[in-house]
Amino acid sequence: MLLALSGVASATLMAQQNNTIVEEITVVELQNKYQVVTNPFWDNWFFSVGGGASVLYGDDDYAGDFSKRISPTLNVSVGKWFTPGLGLRLQYSGLQAKGYTYDKTAPYIRGNELGNGYYKQRFDYMNLHGDVLFNLNALFGGYNPDRVYEIIPYLGAGFTHNYTNPHRQAFALNAGVINRFRLSNAVDINLELSAMGVEDKFDGQRGGKRDYDGMLSASIGLTYRFPARGFSRPKPQLITPLELAAIQTQIAEMAIANQELKQALEDADNQPVEESVEVVEVIPVNIAPRTVFFEIGSAVVSPREIMNLSYLAQQMKQNPEMTYTINGYADSATGTPSYNQELSLKRAQAVFDVLVHDFGIESDRLQLDANGGVDKFGQPILNRVVLVKSAE
């Protein structure tokens, strides 16, 4: 980024020498299609409601016609997308189940004996379950808020309760596929195909062909996404040529000051030794603040910044009586205050660890300070920094 800006500054200078003023710079941003900004807890919640039909697969349901086992179903859900490809939801589903049995003493029988010695069953029930949602389009194709169709399989578990006497509860596993069609930024149409496997006691009978009962359902409904909805992409932070020039000027001034101090020390060492003993008060050298910059959301010290810290460590070793304060910062433009406070402390700790473990600076000479998210150094990129300075 610095090389690119330096080239822009040089091009601008040459243009001015030719009486031409460059007024516009085009910046091309290359983004990772999978990369999004961290999702706050209250973002990307949704509410869904739908209705359709279901078919019960119990112990003796094969005795009756398939069409006569179809019953109405409804579902109500609330959930949240933590990333574009991964979400959680809690769903209340169910309504009525219809089946058949050969056992005249079985519960939920409605009416008299039918042909072939079997009876109709009907009962009301509900299924409360939590599901993990996987948006395959986002997982494999990247985040696209304008995508019209997305396929979302899910897996979950919960329990059923029969409202009809005798009341029964049973453990259930759930799986299915949601076909989502985008209507607007806030509303979707969902076609959901689901399957429920439940303990054998669900329909009031045990035994039969299977050790479990099942329910297949199909429903259509609407989803409303509460604001704030969608995900933001990280934006690269650029510094202007003027800000770059100011930083370069500050670095040059610091280099000159360091050279003057070095020359002063050499001159002092070359002074002839006089016979008289003179008491000289040693005044600690106050170093200029050293800056260590970090990437957005990161507390890892880059190899370039470690090299810069090596020069600082040399000065620290030349002045063993001095102590220093390591001040960590984060930019307030991204993240919550609590997150930025923690991040600024981690950045200060990372610089502390480099100075102590990599360069052998005594830990009792260093003091940590975390300043959280700030907007005091200009561009957000300049606020992702640690300042090391002499303690007051």
| query | Can you give the charge dipole size of segment 314-392 about its Cα centre, rounded to the nearest 20 debye, using +1 on the beta carbon of Lys and Arg and -1 on the beta carbon of Asp and Glu? | reply | 200 debye
| Which residues' amide hydrogens lie under 5 Å from the amide hydrogen of Ala333, considering only partners 5 or more residues apart or on another chain, with H built in the peptide plane? | none
| query | Can you give the direction-averaged projected area of the convex hull of the alpha-carbon atoms in segment 45-225, in nm²? | reply | 10.3 nm²
| task | Identify, among Trp81, Tyr224, Leu155, the residue whose Cα sits farthest towards the positive end of the charge dipole of segment 45-225, taking +1 on the Cβ of Lys and Arg and -1 on the Cβ of Asp and Glu, with the dipole about the Cα centre. | result | Tyr224
| note | The answer for the net charge of residues other than Ala228 whose Cβ lies under 14 angstrom from its Cβ, with Lys and Arg +1 and Asp and Glu -1, is +2
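Quick check: residue separation of Arg229 and Gln263 times 0.36 nm, minus the Cα distance between them. What number comes out in nm?
6.2 nm
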| query | Where does the charge balance sit around Ile189 when Lys and Arg score +1, Asp and Glu -1, over other residues with C-beta under 15 Å from its C-beta? | reply | +1
| request: Take each of the peptides 290-297, 344-351, 60-67, average the number of other beta-carbon atoms within 10 Å over its residues, and list them starting from the highest. | output: 344-351, 290-297, 60-67
| Too-long pairs where the Cα-Cα distance tops 25 Å, listed order kept, from Lys68/Lys201; Lys346/Lys389; Lys33/Lys80; Lys33/Lys346 | Lys33/Lys346
| task | With both partners inside segment 27-154, how many of the DSSP beta bridges are antiparallel, as a percent to the nearest 5? | result | 100 percent
| query | What length, rounded to one decimal in nm, is gained on full extension from Thr249 through to Ile220, with 0.36 nm per residue of separation minus their alpha-carbon distance? | reply | 4.0 nm
| remark: Length gained if Leu173 through Ala186 is fully extended, taking 0.36 nm per residue and subtracting the Cα-Cα distance, is 1.7 nm
| remark: Here, Asn112 and Ser310, labelled 7 Å along Cα→Cβ, have an inter-label distance in nm of 9.9 nm
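A short reminder: the numbers here are calculations on the coordinates, not readings from a lab. Model, not experiment: these values are computed from the prediction. Cβ coordinates were reconstructed from backbone atoms using ideal geometry, including for glycine residues, and neighbour counts include every protein chain displayed.
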